[in-house]
Amino acid sequence: MGAVLVAYGLAVRPPGGSRTWTVVDASYRTVDPVEEWLESHRTLWSPNTVRGYATALAQWWTFLEQRDEVGKWRDVGVPAVTGFLSWLRNGRTVERSLVPQEQVPGASTLEARLAALMSFYRWQEAVFGVPVAGRLMRGAPRRMPARGLLAHLDARAAARPSSLVRVRRGHRGTGRPPLLLPGQIQAILNGCAVFDSATGEWVGNLRDRFLFALLAETGMRLGEALGLRISDFVMGRGGTPFVEIVPRHDNANGARVKMMRPRRVYVGADLERLFADYLTHIACRATELGLPLRVESPLLVNLFRPPFLSSLREGTVRDKTNALRRRGIGAEGWSPHWFRHSHATALLLAGTPEWVVSRRLGHAHVQTTLDLYGWVREDEALRAAANWRSYAAGWQVTE
């Protein structure tokens, strides 16, 4: 039996640059078509997005190598892509198996892999005329004119084509974004830290409570939160407090604002008070450590393990999330991104207009908001699951 051919997503740090990811083939050579696609987007995507897309394309290239079809990457169609999804379901070994796999990637994972592959081929068609995207999408022209490296992101395009390849979901799957109910969100916050009225002090990890409260009330993405500086949270002082989401390329933890679009998100008095308590907490900790704390310092930082006061990383948040889940806190399998879905759901069920929700979430188009959450107001069971208007009453949704 011959050696198994595998392509790899590889972390690299160019001279004078920051850490990023690329894809190498089974002979450890850079996969040029994938690298060209990644390079054209590195200033727009967060490092985590680049890593996820590199992982997806490394798996695609492994699939082609094991089929001995790398030389045909420009000529694939629907059968190859559906075979790729089956190969992923079967443990990346065979396309068809009569024996059920013990660990099968979830539908969301398969959809992410498919989305990365579709993005790759749409870019290849827009820039180099590679005709694969036209075969994979309903309503796409057979040949898209090359209009620059980012032509496939043109917001002025007409009706968007749909994919001919879709991920099969189980009969219980709805395709709807997962969310947390208000009671589950409160349990997560309390699982991080609670206020002891007898001592007037917070007990637990105040930073984690502030982080999850921030995600719940603003709907921002985790990467946007991890890239905040202290000065980005502006206290009201008689007005309405808000958070400035500022695109930056120099965050030490690699956090990035998606598509580098700035926006302002207004918040309520409860989150403002929690921010004040947290800021006092980190200022005291900085004094204990003898380290400087400035307005341009990262907002979410390491407090009790080195490097002290350095930017919090996504892996640390993931570890905290897993620890809470092991304690049975929150919905099964929840992740920090569920706060974003819950935020949008609460606003819509509280009567907020779709265009306001779209701007608050930082969506490029209101249609994105409608595609993700258009079902919310029609779901009677979800509407009855909580008093959403009361839950969102303390938020400031100002335009």
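The values are calculated or read from the model by the stated rules, or taken from the named source; none is laboratory data. Note that the coordinates shown come from a computational prediction; the quantities given were computed from them, not determined experimentally. Please note: Cβ atoms are built from the backbone with ideal geometry, for glycine as well, and neighbour counts cover all protein chains shown. Calculation scope for accessible area: heavy atoms of the full protein, side chains included, ligands and nucleic acids excluded. Shrake-Rupley method; radii C 1.70, N 1.55, O 1.52, S 1.80 Å.
One table, with the values for the structure above:
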| item | result |
| --- | --- |
| Dipole moment magnitude, nearest 20 debye, segment 1-54 about Cα centre, only Lys, Arg, Asp, Glu C-beta charged | 260 debye |
| Distant alpha-carbon pairs in segment 185-229 (separation over 11 angstrom), percent | 66 percent |
| 15 Å beta-carbon shell around Ala393, net charge (K/R +1, D/E -1) | -1 |
| Where only C-alpha atoms are counted, convex hull volume of segment 202-258 per residue in Å³ | 103 Å³ |
| Spin-label proximity, Val295 to segment 212-238 - amide N less than 15 Å from point 7 Å beyond Cα toward beta carbon | 229-237 |
| Alpha carbon convex hull of segment 306-399, projected area averaged over orientations, nm² | 8.4 nm² |
| Whole-number D in µm² s⁻¹ for segment 198-296, Kirkwood Cα-pair radius fed into Stokes-Einstein, 20 °C, 1.002 mPa s | 148 µm²/s |
| Residue-normalised accessible area of segment 303-369, given per residue in Å² at a 1.4 Å probe | 46 Å² |
| Among Val34, Ala225, Ser390 the positive-end extreme of the charge dipole of the chain (Cβ point charges) | Val34 |
| CD proxy at 222 nm, helix term only [per DSSP H run n ≥ 4: -39500 (n - 2.57); per residue of the chain; nearest 500] | -13000 deg cm²/dmol |
| Point-to-point label distance, Ser40-Asn205, nm (Cα→Cβ direction, 7 Å offset) | 4.1 nm |
| Local net charge near Ser335, Cβ-Cβ under 12 Å (Lys/Arg +1, Asp/Glu -1) | +3 |
| Inter-label distance, nm, simple model (7 Å from Cα along the C-beta direction), Phe195/Ala384 | 3.5 nm |
| Rg ratio (alpha-carbon, reference 2.2 N^0.38 Å) - the chain | 1.07 |
